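Read through the structure below, which is laid out as structure tokens, and then see the notes.
The values are calculated or read from the model by the stated rules, or taken from the named source; none is laboratory data. What you see is a predicted model; the values in this text were computed from it and never measured. Here Cβ is always computed from backbone atoms with ideal geometry, including for glycine, and neighbour counts include all displayed protein chains. Surface accessibility is based on the protein's heavy atoms, side chains included, excluding ligands, DNA and RNA. Shrake-Rupley method; radii C 1.70, N 1.55, O 1.52, S 1.80 Å.
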Amino acid sequence: MLEKPFRPETRIVKRRDRAAVRQHRADICVVGAGISGVSAAIEAARLGREVVLIDGLPALGGQAVNSIIGMIVGLFGNGPNGKQLTHGIADDILRDLGATGDLQVRMGGVSPNAFYNEVALGRWVERTILKLKITPLVGAVLRSVRMEGRRVAALELATRYGDVVVQAEGFVDATGDAAVVWQAGLDCREPAEGVIYGSQMMVIENFDEARAPDRNAMSECIRARGEHYGMTRRDGFAMSLPGGRTAIVNMTHVETPLDPFEASQKGIEGKEQADRTMNFLKGEFPEAFGAARVRAYGLPGIRQTRWIVGCHHLTVDAVRQGVKFEDRIARTAWPLEQHHHAEGYVWEPFAEDHVHYVPLGSLTPPGADNLLAAGRCIDGDATALSSVRVMGPCIAMGAAAAHALDLAGSGSVHHIDLAALRERVAANIEG
């Protein structure tokens, strides 16, 4: 028992007309705490830079954690013996989550993929951020970008606890929607027609993996019986997660508009699609899914919305040809994966010896000297992006952005020593 009781006195406060704005300064500011942003922040901190990592969600991890993607794809080459193509924090995640049984590398489609427990990955991100003394700022919505000539000078953000201004020498836009580039008034791209569908992921528990149908049998059943259950998408999968009796389910197609009211509506509709998927699994495969139930719905999983206009526009022809750019900073062998039809997607896999590359120019907006994009909002045509916006190359992009800003210092990312950059990111582009 405490000797001194808590004193219940209160004080009266009132918001002033001009409330104080919290100021923060760092060397590197990363906006977006998904896998590419986390990679950029960690790499910059390991370079000795003071880093602030910002996200609009109240938690770190982005879609990798909060949308429950459940597997890191594009990390390995094609075929059962596909080699690892991206390193950096990928090595740390494979090692640390593998050691606790929270990650397994196994074949998933055309290549080995890393299936992970999203709770464990989220805690890994948080512990690593704190260990490296990276400053997190979550629940912060970007309101405007202050430009001074060709340099981003500061970001103005709103939080539930008051406004914040962050100044830095260099910035990484890992928002997924090119929010920093957009708010800076720089050119961006959107699909010229139609939409690119996202997915409403869910984790289910209490399913019998030993009695689950294989992927082909499930796909055939969805095509034959999906309409009966009101399913929008007529393909997809349920893949077991580490730990047993849990699985990620991806059998939905949800529009992901940039309009705030439409996005809110579609987020709810996505869960309705997921519920219909659950009815399908229980009704068609009762031996495997009869006792299953939803453990968690992810936040809407977004593939492509708005992305930057960079110095280099990555094309699908360059992807198919595996062009080895002089300024290459990332690579992958993941198929072209176009989700522009509600019922399904167009899948174009590559040969086992195929690798394609991402150039630094696709990360660099031409109108800014201290700003790079990383992740799914880099520059490319919609089809090219469909194969490089996955987590494997996104990890490499984040690392490259950190190194490019480190090399640029107070100068321009457009004038860095490319040979020095290639040497720094060699593990992600060679061998």
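Values as computed for the structure displayed
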item	result
Elements of type helices (runs of 4 or more DSSP H) in segment 355-431, at least 2 residues being of a type in the set (A, V, I, L, M) and surrounded by 24 or more Cβ atoms within 10 Å (Cβ to Cβ)	382-388, 391-408
Long-range neighbours under 6 Å by Cβ, at least six apart or interchain, first residue in a loop (DSSP other than H, G, I, E, B) within segment 111-136, second surrounded by fewer than 21 Cβ atoms within 10 Å (Cβ to Cβ) and modelled with pLDDT under 95	117/242
In segment 312-325, the residues that are assigned to a helix (DSSP H, G or I) and open to solvent by 10 Å² or more (accessible area, probe 1.4 Å)	316, 317, 318, 320, 321
Residue identified as in contact (Cβ under 8 Å) with a residue 24 or more places away in the chain, small (Gly, Ala, Ser) and under 30 Å from residue 367 (Cβ atoms) among 56, 61	56
Hits in segment 326-354 (condition: closer than 20 Å to residue 83 by Cβ and in a loop (DSSP other than H, G, I, E, B))	333, 334, 335, 349, 350, 351, 352, 353, 354
Test for residue 274: is it at pLDDT 95 or above, under 24 Å from residue 109 (Cα atoms) and hydrophobic (A, V, I, L, M, F, W, C)	yes
Of the criteria (1) over 30 Å from residue 407 (Cα atoms); (2) surrounded by fewer than 16 Cβ atoms within 10 Å (Cβ to Cβ); (3) not hydrophobic (A, V, I, L, M, F, W, C), which one residue 117 fails	(2)
Qualifying residue in segment 307-330 (condition: over 27 Å from residue 187 (Cα atoms), touching a Leu at 6+ places or on another chain (Cβ under 9 Å) and either in contact (Cβ under 8 Å) with a residue 60 or more places away in the chain or of a type in the set (D, E, K, R) (or both))	no
Matching residues in segment 227-256 - criterion: being among the β-branched types (Val, Ile, Thr) and not in a loop (DSSP other than H, G, I, E, B)	246, 248, 249, 254
Long-range neighbours under 6 Å by Cβ, at least six apart or interchain, first residue charged (D, E, K, R) within segment 140-154, second assigned to a strand (DSSP E or B) and surrounded by fewer than 17 Cβ atoms within 10 Å (Cβ to Cβ)	143/156; 143/158; 146/153
Residues satisfying the stated conditions in segment 328-352, i.e. of a type in the set (Val, Ile, Thr) and open to solvent by less than 10 Å² (accessible area, probe 1.4 Å)	329, 332
Set 224, 263: member being over 25 Å from the mean Cα position of the chain (by Cα), not β-branched (Val, Ile, Thr) and not in a strand (DSSP E or B)	224
Flag if residue 309 is open to solvent by 30 Å² or more (accessible area, probe 1.4 Å) and under 21 Å from the mean Cα position of the chain (by Cα)	yes
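Residues are listed down the side, and each one gets a yes or a no for (1) under 14 Å from residue 281 (Cβ atoms); (2) open to solvent by less than 20 Å² (accessible area, probe 1.4 Å); (3) not small (Gly, Ala, Ser):
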| site | (1), (2), (3) |
| --- | --- |
| 157 | no, yes, yes |
| 165 | no, yes, yes |
| 170 | no, yes, no |
| 174 | no, yes, no |
| 179 | no, no, no |
| 182 | no, no, yes |
| 191 | no, no, yes |
| 213 | yes, no, yes |
| 224 | no, no, no |
